[in-house]
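The values are calculated or read from the model by the stated rules, or taken from the named source; none is laboratory data. Just so we're clear, the structure is a prediction, and the values are computed from it rather than from any experiment. Ideal geometry is used to build each Cβ from the backbone, glycine not excepted, and the neighbour counts take in all protein chains shown.
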Amino acid sequence: MLAAVLTGFLLSIFLVFAGKYFKGKLAVLSALVPLGLFLYFLSFINRVSSGEIITQSVEWVPALGLNLDFTLDGLSLLFTLLITGIGFLVFAYTAAYLKGHEYLDRFYGYLGMFMGAMLGLVLSDNLLSMFLFWELTSISSFFLIGFNNSSEASRKSAVLALAVTGSGGFLLLAGALLLGNVAGTYSISEMVALGDMIAQSESYILIVVLLFGAAFTKSAQFPFHFWLPGAMKAPTPVSTYLHSATMVKAGIYLLLRFTPVLGSTEFWNTTLIIVGGITMFYAAVHTLFRTDLKGVLAYSTISVLGLLVFLIGLGTQYALVAAGVYIVVHALYKATLFLITGIIDHETGTRDVTALSGLRKVMMPVAIAGLLAAISSAGIPPTVGFLGKELVYEATLGMADWAVVLTVLAIATNILVLYAGFVAGIKPFTGKLPEKFEKVHMPSYLMWLPPVILAVLGLLIGIYPAVIEAPLIKPLVDSVGLEGQAVHLKLWHGFNFVLGLSALTLAGGFLLYFLWKPSEKKENAISKLDFIAPKSLLLGFSAGFRSFSSMWTNFLQNGLLRNYVTTIVLFLVVLVGYSLFSGENAFHINTESLSEMTFYEVVIMGVMFMAVAFVVVARSRLGAVVGMGIVGYAICLLFVIYSAPDLAMTQFSIDTLTVILFVLVLSGLPKYIAKSNLITRIRDAGVSIGLGVLVSLIALAVINEPVNKEVSDFYAENAYILAKGKNVVNVILVDFRGTDTLMEIAVLTIAALGVYSLLKLRLDKDENIEKEN
Amino acid sequence: MKTLILRTASNYMLPLLLVFSVFILLRGHYLPGGGFVGGLIAAIAFVLHAFANGLENTKGLLRIRPGVLMPIGLGLAFLSGLAPVLAVDEPFMTGLWWPDHVPVVGNLGSALFFDIGVYLVVIGVTLTIIFSISESD
C-alpha cells in the first residue's frame, strides 16, 4: 500500500523532469496511473468484504510515534476506489479539457500529488501521518485553485481556501496530539478499544471540538463553507475531483473514522446534527440565487456535505448506511454534473444558466448523462439517488427525538438539491437552441465518455444495489463500529410512508424548478446580504487585523533609534526592577561584604564621572564620542586593577575601534543641531539613570549571592593538565569551550556580511536611481 | 586627516603593530593575549594606516579583500576542530598536541590553529565593517 500511496508523488516528481514530453498527445497516458491503482484496490474487494482488514506498517520516525501504518478496511476501501476511479476519469478528461495548455504537465503533477496525499489520508492508521497527508491535500488544493495564476481572483480564492483548510489542519494537529496523549497511542485502530476511557477523560470535549474544527473547515461546513464556492475558480476537472468528489469528503472521512472512537456521546451527535442541518439547508437555499452553473453546483455540494455530517450526527445504523450510500451517490452524480459543466463551458464559453438552452441538439450523449445525473440527484427511481434518499428519510424518521423536525429539514433540503441538479443537468439541454450556439459541436470522446460512464454507473447501481451492498457498504458499516451484516439495500420497499415522502419531495422539487427562474437580479438581491455572511465577516476581521497590526508596528517600529532604545530600556527597567523588588525573595542591599575603596579606584571613578558629564553637555558629536572613549578606557583601567588583563586588552582594542567607527559614521553627518528640548532631556536622563541604578543593583545582588566555584575551579586546575595552557581565559576560549567560540566567530562573520550587504545594496540602489534619472 | 606626521608614523607603525598582534596571538596560551585581541590589534593597525593614507592605499597594500579572511579563518578553526575526528577518531574539538617543543611557539597544538582562525576572522570582520562604512559616505 505504501507503493500505492507513493505512486502519486512519484508521478508528480517524474513530471518535474519529463513534463515537457507529456504535454502533448502523451498526456492522456498519465490516466493509466489512477487506473492501475483503481484495479489494485479493486483486487482487495473480496478480502475486505469477507471482513479482513489489510495492514502494512513501515517505521518512519518511531521516536515520535510517527509511523506509516496503513490500514485498508471498508471505509478506506470505499474512499480509495472513489479517489482512484474518479481520478482515472478526471485524468483522462483533463487531457482533452486542457489540451495544449502551457502548464498541462504541472497540472498533472499537482493532481498526482493530490491523489497520493488523499490515498495516504484515507489509508493512514497513524494519526500523525494522517495529519501530514491531510495538510498535503490542502496544499495541492491551493496550487490547483490558483492554477490560473495570472488571474487575481484565482490567487485570492486559493489563499482563502488554504487559510481556511490550513487552519483546520492546525486544529487537527492539536487534536491529534491531545488524543494521542490521552490514549497513549497514535494508532487509530488501537484507539477504538479505548473509546470509553477517552470519552471519560477531561480533554474529551476539547479533542472533539478540535477534530470538528478540522472536519468542518475541510468539508466546508457552516460557517466555514465560503472557501468552497471560491475554489470553483479552479479548472473544472479540479472542481470535480477535489472540491466535490474526494478532498472535501476528507472531513466526512475523519468523522466516520472517529465515530467508533469518539462518537458515543450526546455532545458529538448533537453538534453534528446542528452544524450539518444548518449547512445543508443554508447552502441549499443559496443554490436558488446562483446563475453560474459552478456556483449552483458548489452550493449543492456544500449542502450534501452538510447532509452527510447530519447523518453521521444521527449516528444510527440506518443513518450511517445512508451516509455510506450517499457518499457513492453524490460522487457519481455530482462528478457527472461538474464534468458536464466543464464540457458546456469548454464548448460554448459560458456557464451562465440564464443564457444556456437547447444544447441537446448539438451534444446528445452529454445531455443524456446530464439527465441521468439530474434524476439521480433528485432521487427518482431507479437511480442510486433514490436509494440514498429513502435511506435518509428512514434514518430521520427512526430518531427517537425530533424525528418530525429532522425529516422536514431533510425533505426541504432534498427539494432544493433536486432543483440544483435539474438546473445543472437538464436546464442547459432543454428548450430552444439559441443561434449563437448552433455551431457548437461535440467535444472529444475523452471528455464526454467520463460523465456518461459515471451517470450510467449511477443508474446501474440503483437497479442492482447488491453491487455495492456486500463489497462496500457492509464493510464500511462494520468499520464504523456497527453491525454491517444487518444492512440490506433494495430499490423497492413497497408502498410505505417513506415512499410518500419521496413523492412529496419530487412534487415540491418539480414545482420549484418550473416556477423559480434563476436570474441575475435575484443573485444581486441576495448579494446585498453579503455583509453578514461569514466570508465577509472573516475578510473584514482579517482586514481589521492587518490595519491594527500596521498601526501597532508603526507605533513601535517608527524608525527612530532613540525611541527603540528608550522602549527597550524602559521595558527592561520595569520588568527586571519589578521582579527584583517584589515577592518573597525581594532584594535587600547588603554592604557588609563590600571592601573599602582604594585611591586608584576613586581617581578612575572621578575621571569617568567627568567624562560622562562632558558627553552630556558636549556641543559637538566628536567631543561626545571622545568622552565616551574616555569612559571606556577608564573601565579598562578598572579591569587592570582587578587583575583581568585579558579583558582589559580586549576592551581597550574594542573601545579604540568603536571610537574610530563613530568618527567614521559621524563625520558624514551635517553640523550638530540640538534636537532635544529640556523636557526630553530630563526624560532621557531619567531613563538612563534608571538603567544605571538597575544594573548597579543587580551587580550588588550578584555579589551577595553565594557563588558556586566548582566550574571555575575545574578550569583553573585543568587548564595546564588537560590543555597545556597557563592562560585560563584563553584556554577556555580555544579549548574547553572552543565550539562556542567557533559559533561566535561564525556569528561575527554573518554580522559582517550583513553590514556589508546592507551598505552595498543601498549603494547599488542609489546608482540605479541615478541611472534612471 | 592626511597630516605628514601621522602618515609617516603610520607607515612604521603598521608592520610594528602587525608583528605585535602576532606576538599577542602566539603568547595567548600562556599569558594575556589570544586570537581575538590579536585580531583586533591587527585591524586597528590597518585602520590607522587607512586614516593616514586613505582607504585606497590601504586596500592596495592588503591586495586581497579583507572579507576573504573570514571564510579562511572559519575554515581553519573548523578544520582544527575536525582534525581529531579525522586523524585519531576522537570527538570534535579534542586537543591534539605535537610531542616536541617548538621554538617561539612552545607547545604546538590544534588549539593554536583554532586561535589563528579566530585571529583571521576577527581581522576580516572588523575591516569589512569599517571599510564598508567608510566607503558608504
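Among the residues of segment A:194-239, what is the count of those that are farther than 30 Å from A:Thr341 by Cβ, polar (S, T, N, Q) and part of a helix (DSSP H, G or I)?
Total meeting the criteria: 1.
So if I check each of A:Glu390, A:Glu394, which one is acidic (Asp, Glu), surrounded by 24 or more Cβ atoms within 10 Å (Cβ to Cβ) and either touching a residue at least 60 places away in the same chain (Cβ under 8 Å) or not assigned by TED's automatic domain parsing to the domain that holds A:Leu489 (or both)?
A:Glu390
Would you pick out the residues in segment B:96-116 that are at the interface with chain A (Cβ under 7 Å from one of its Cβ atoms) and crowded, with 23+ Cβ neighbours inside 10 Å?
First, pick out the residues of segment B:96-116 that are at the interface with chain A (Cβ under 7 Å from one of its Cβ atoms): B:97, B:107, B:109, B:111, B:114-115.
The answer is B:Ala111, B:Phe114, B:Asp115.
Would a scan of segment A:670-689 turn up a residue that is among the aromatic types (Phe, Trp, Tyr) and over 30 Å from B:Asp100 (Cβ atoms)?
Yes; the residues of segment A:670-689 include at least one that is among the aromatic types (Phe, Trp, Tyr) and over 30 Å from B:Asp100 (Cβ atoms).
For segment B:21-47, how many residues meet the condition of being among the basic types (Lys, Arg) and at pLDDT 90 or above?
Going residue by residue through segment B:21-47, those that are among the basic types (Lys, Arg) are B:27.
So of that shortlist, the ones also at pLDDT 90 or above come out as none.
Summing the residues that are among the basic types (Lys, Arg) and at pLDDT 90 or above in segment B:21-47 gives 0.
Being part of a loop (DSSP other than H, G, I, E, B) and either in contact with a helix residue (DSSP H, G or I) (Cβ under 9 Å, 6 or more places away or on another chain) or among the basic types (Lys, Arg) (or both) is the requirement here; does A:Gly36 meet it?
Criteria not met by A:Gly36.
Let me confirm something: among B:Leu18, B:Leu26, B:Leu76, which residue is more than 8 Å from chain A (Cβ to nearest Cβ), more than 22 Å from B:Ile129 (Cβ to Cβ) and not charged (D, E, K, R)? Give the steps one after another, and end with the answer.
Values: B:Leu18 fails: more than 22 Å from B:Ile129 (Cβ to Cβ); B:Leu76 fails: more than 22 Å from B:Ile129 (Cβ to Cβ).
The match here is B:Leu26.
Among the residues of segment A:133-146, write down those that are surrounded by 20 or more Cβ atoms within 10 Å (Cβ to Cβ), out of contact with any Leu (no Cβ under 7 Å at 6 or more places or on another chain) and not small (Gly, Ala, Ser).
Matches in segment A:133-146: A:Leu136, A:Phe143, A:Ile145.
Quick check on segment A:641-660: of everything there that is out of contact with any Leu (no Cβ under 9 Å at 6 or more places or on another chain) and among the β-branched types (Val, Ile, Thr), which residue is farthest from the other protein chains (Cβ to nearest Cβ)?
A:Ile641
Give me the pairs, please: first residue somewhere in segment A:133-148 and more than 16 Å from A:Ser244 (Cβ to Cβ) and touching a residue at least 12 places away in the same chain (Cβ under 8 Å), second residue anywhere and assigned to a helix (DSSP H, G or I) and basic (Lys, Arg), beta-carbon distance under 7 Å, and either six or more positions apart or on two chains.
A:Gly146/A:Arg155
Have a look at A:Leu594, A:Leu638, A:Leu622 and point out the one that is touching a residue at least 60 places away in the same chain (Cβ under 8 Å) and on the phi < 0 side of the Ramachandran plot.
Numbers: A:Leu638 fails: touching a residue at least 60 places away in the same chain (Cβ under 8 Å); A:Leu622 fails: touching a residue at least 60 places away in the same chain (Cβ under 8 Å).
Just a single option satisfies the conditions, and that option is A:Leu594.
So how many residues does segment A:111-128 have that are over 11 Å from A:Phe9 (Cβ atoms) and buried (at least 24 other Cβ atoms within 10 Å of the Cβ)?
9
Among the residues of segment A:716-735, is there at least one that is more than 14 Å from chain B (Cβ to nearest Cβ) and assigned to a helix (DSSP H, G or I)? First the steps, then the outcome.
Within segment A:716-735, the first condition is being more than 14 Å from chain B (Cβ to nearest Cβ), and the residues that meet it are A:716-717.
Next, from what is left, pick out any that are assigned to a helix (DSSP H, G or I): A:716-717.
Within segment A:716-735, one or more residues are more than 14 Å from chain B (Cβ to nearest Cβ) and assigned to a helix (DSSP H, G or I).
Given the criterion small (Gly, Ala, Ser) and either surrounded by 10 or more Cβ atoms within 10 Å (Cβ to Cβ) or at pLDDT 90 or above (or both), identify the matching residue among A:Gly559, A:Gly577. Give the steps one after another, and end with the answer.
Working: A:Gly559 fails: either surrounded by 10 or more Cβ atoms within 10 Å (Cβ to Cβ) or at pLDDT 90 or above (or both).
None of the others qualify; the one that does is A:Gly577.
Please go through (1) at pLDDT below 90; (2) surrounded by fewer than 20 Cβ atoms within 10 Å (Cβ to Cβ); (3) assigned to a helix (DSSP H, G or I) for A:Ala95 and return the number of the only condition it doesn't satisfy.
(2)
Each row is one residue, and each column tells you yes or no for (1) under 17 Å from A:Leu391 (Cβ atoms); (2) touching a Cys at 6+ places or on another chain (Cβ under 8 Å); (3) of a type in the set (A, V, I, L, M).
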| position | (1), (2), (3) |
| --- | --- |
| A:Phe267 | no, no, no |
| A:Thr271 | no, no, no |
| A:Asp292 | no, no, no |
| A:Leu307 | yes, no, yes |
| A:Ile312 | yes, no, yes |
| A:Tyr318 | yes, no, no |
| A:Ala322 | yes, no, yes |
| A:Ile340 | no, no, yes |
| A:Arg351 | no, no, no |
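Whether any residue in segment A:576-583 is part of a loop (DSSP other than H, G, I, E, B) and either of a type in the set (Phe, Trp, Tyr) or within 40 Å of the chain's Cα centre (by Cα) (or both) is what I want to check.
Going through segment A:576-583, the residues part of a loop (DSSP other than H, G, I, E, B) turn out to be A:582-583.
Add one more test, that the residue is either of a type in the set (Phe, Trp, Tyr) or within 40 Å of the chain's Cα centre (by Cα) (or both), and what stays is none.
Scanning segment A:576-583, I find no residue that is part of a loop (DSSP other than H, G, I, E, B) and either of a type in the set (Phe, Trp, Tyr) or within 40 Å of the chain's Cα centre (by Cα) (or both), so the answer is no.
Can you tell me which residue among A:Tyr282, A:Tyr318, A:Tyr299 is under 22 Å from the mean Cα position of the chain (by Cα) and of a type outside the set (S, T, N, Q)?
Sole residue among the options that is under 22 Å from the mean Cα position of the chain (by Cα) and of a type outside the set (S, T, N, Q): A:Tyr299.
Across segment B:34-86, what is the total count of residues that are of a type in the set (Lys, Arg), over 27 Å from B:Leu112 (Cβ atoms) and without any contact (Cβ under 8 Å) to a residue 24 or more places away in the chain? Steps first, please.
Applying the first criterion (of a type in the set (Lys, Arg)) to segment B:34-86 yields B:59, B:63, B:65.
Within this subset, residues satisfying the condition of being over 27 Å from B:Leu112 (Cβ atoms) are B:59.
Next, only the ones that are without any contact (Cβ under 8 Å) to a residue 24 or more places away in the chain stay: none.
Counting residues in segment B:34-86 that are of a type in the set (Lys, Arg), over 27 Å from B:Leu112 (Cβ atoms) and without any contact (Cβ under 8 Å) to a residue 24 or more places away in the chain gives 0.
Answer yes if at least one residue in segment A:293-310 is hydrophobic (A, V, I, L, M, F, W, C) and either over 30 Å from A:Val353 (Cβ atoms) or surrounded by fewer than 19 Cβ atoms within 10 Å (Cβ to Cβ) (or both), and no otherwise.
No, there is no match, as no residue in segment A:293-310 is hydrophobic (A, V, I, L, M, F, W, C) and either over 30 Å from A:Val353 (Cβ atoms) or surrounded by fewer than 19 Cβ atoms within 10 Å (Cβ to Cβ) (or both).
If I filter segment B:120-136 for residues that are within 9 Å of another protein chain (Cβ to nearest Cβ) and more than 27 Å from B:Asn57 (Cβ to Cβ), do I get at least one hit?
no
So if I check each of B:Leu82, B:Leu61, B:Leu96, which one is within 18 Å of the chain's Cα centre (by Cα) and at pLDDT below 90?
Criteria check complete, one pass: B:Leu61.
Of the residues A:Gly629, A:Gly606, which is away from chain B (no Cβ under 14 Å) and assigned to a helix (DSSP H, G or I)? Before you say what the answer is, go through the steps one by one.
On the way: A:Gly629 fails: away from chain B (no Cβ under 14 Å).
Answer to the check: A:Gly606.
For the subset of segment A:692-726 comprising residues that are small (Gly, Ala, Ser) and out of contact with any strand residue (DSSP E or B) (no Cβ under 9 Å at 6 or more places or on another chain), which member is modelled with the highest pLDDT?
In this case the residue turns out to be A:Gly692.
Does B:Val37 fit the bill of being farther than 18 Å from A:Ala723 by Cα and at the interface with another protein chain (Cβ under 8 Å from one of its Cβ atoms)?
yes
Show the residue pairs that are 6+ apart or on different chains and have beta-carbon atoms under 8 Å apart, the first residue being within segment A:747-761 and at the interface with chain B (Cβ under 7 Å from one of its Cβ atoms), the second being part of a helix (DSSP H, G or I) and of a type in the set (Asp, Glu).
A:Leu759/B:Glu135
Being in a helix (DSSP H, G or I) and surrounded by fewer than 18 Cβ atoms within 10 Å (Cβ to Cβ) is the filter here, so list the residues in segment A:426-445 that pass it.
A:Glu435, A:Lys436, A:Tyr445
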